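The values are calculated or read from the model by the stated rules, or taken from the named source; none is laboratory data. Everything quoted here is computed from the prediction, not taken from an experiment. So basically every Cβ, Gly included, is an ideal-geometry build from the backbone, and we count neighbours across all protein chains shown.
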Amino acid sequence: NAGVTQTPKFRVLKTGQSMTLLCAQDMNHEYMYWYRQDPGMGLRLIHYSVGEGTTAKGEVPDGYNVSRLKKQNFLLGLESAAPSQTSVYFCASSLTSGAPYEQYFGPGTRLTVT
Amino acid sequence: TQLLEQSPQFLSIQEGENLTVYCNSSSVFSSLQWYRQEPGEGPVLLVTVVTGGEVKKLKRLTFQFGDARKDSSLHITAAQPGDTGLYLCAGPGGSYIPTFGRGTSLIVHP
């Protein structure tokens, strides 16, 4: 089991450029999440998905879009990158029963917007 | 929104020392999780506590859930440089969305 993987690991964008971050999990988890982590701010939820074909906004959704076309994949898109989106992005997944709040995280994507 | 406050925010100690970090809330949680995040990596789940008063041990790490299920602590005995990292507590924030504390950043010097 690879667990949760994220692609790419690092990326530098110029203001206004677009990109997509890919998250994949092989644990058959229903729930998937995208977070950003900034110094002093902790983990902040951007968007999440409770199942294939469904998405919902989290705490800081502006400037981001997501899609969950397949159960194992959760994509995070930046349509027009801004310097304020410079951050480390983490994807996570969790089960829906038993221990739904136990999250399994990917290794992160470090994004710099210049 | 249920909030989790972690203290201290930063901790810098020498190898071999003991330490305790805290996770507090004014709300009751049905469970709490502890994660460790090493530099440049994603958080990794350490433990889940679900019963008030529960104590769980993971090698040199001891986790305790408060009797009222509003607080939790993590005690590390004889800290080692490999314990360096960000320790996060988390609990249910509603509708399967967890809420995270901001973490305690621990540095253990050799």
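Going by the structure shown, is residue A:84 more than 10 Å from chain B (Cβ to nearest Cβ), outside any loop (DSSP other than H, G, I, E, B) and closer than 23 Å to residue B:29 by Cα?
Here the answer is no, as residue A:84 does not meet what is asked.
Provide a single number: the residues in the range A:27-75 that are touching a residue at least 24 places away in the same chain (Cβ under 8 Å) and within 14 Å of chain B (Cβ to nearest Cβ).
Qualifying residue count, the range A:27-75: 18.
Within the range A:87-114, take every residue that is more than 10 Å from chain B (Cβ to nearest Cβ) and among the hydrophobic types (A, V, I, L, M, F, W, C) and give me the one that is nearest to the chain's Cα centre (by Cα).
The qualifying residue nearest to the chain's Cα centre (by Cα) is A:111.
Would you point out which residue out of B:82, B:42, B:66, B:52 is out of contact with any Asp or Glu (no Cβ under 6 Å at 6 or more places or on another chain) and surrounded by fewer than 16 Cβ atoms within 10 Å (Cβ to Cβ)?
B:82
I'd like the residue in the range A:17-47 that is hydroxyl-bearing (Ser, Thr, Tyr) and either more than 16 Å from residue A:71 (Cβ to Cβ) or more than 11 Å from the chain's Cα centre (by Cα) (or both) and, out of all such residues, is modelled with the lowest pLDDT.
That would be A:31.
What are the pairs with Cβ atoms under 8 angstrom where one residue, in the range A:4-19, is within 27 Å of residue A:102 (Cβ to Cβ) and the other, located anywhere, is in a strand (DSSP E or B) and hydroxyl-bearing (Ser, Thr, Tyr)? Sequence gap at least six, or different chains.
So the pair list comes out as A:4/A:93; A:4/A:104; A:6/A:89; A:6/A:109; A:7/A:109; A:8/A:109; A:9/A:109.
Test each condition in (1) surrounded by 15 or more Cβ atoms within 10 Å (Cβ to Cβ); (2) on the phi > 0 side of the Ramachandran plot for residue A:50 and report the one that comes out false.
(2)
Would you confirm, using the coordinates I've provided, whether residue B:12 is of a type in the set (S, T, N, Q), out of contact with any Gly (no Cβ under 9 Å at 6 or more places or on another chain), away from every other protein chain (no Cβ under 14 Å) and not in a strand (DSSP E or B)?
no
If the Cβ limit is 9 Å and pairs must be 6+ apart or interchain, which residue in the range B:4-28 that is more than 15 Å from residue B:91 (Cβ to Cβ) pairs with which residue that is buried (at least 16 other Cβ atoms within 10 Å of the Cβ) and among the basic types (Lys, Arg)?
B:9/B:102
I'm told residue A:35 meets every condition in (1) assigned to a strand (DSSP E or B); (2) out of contact with any Cys (no Cβ under 9 Å at 6 or more places or on another chain) except one. Can you identify the failing condition by its number?
Residue A:35 satisfies every listed condition except (2).
For residue B:41, which of the numbered conditions (1) within 13 Å of another protein chain (Cβ to nearest Cβ); (2) free of Cβ contacts under 8 Å to residues at least 40 places away in the same chain; (3) touching a Lys or Arg at 6+ places or on another chain (Cβ under 9 Å) fails to hold?
Failed condition: (3).
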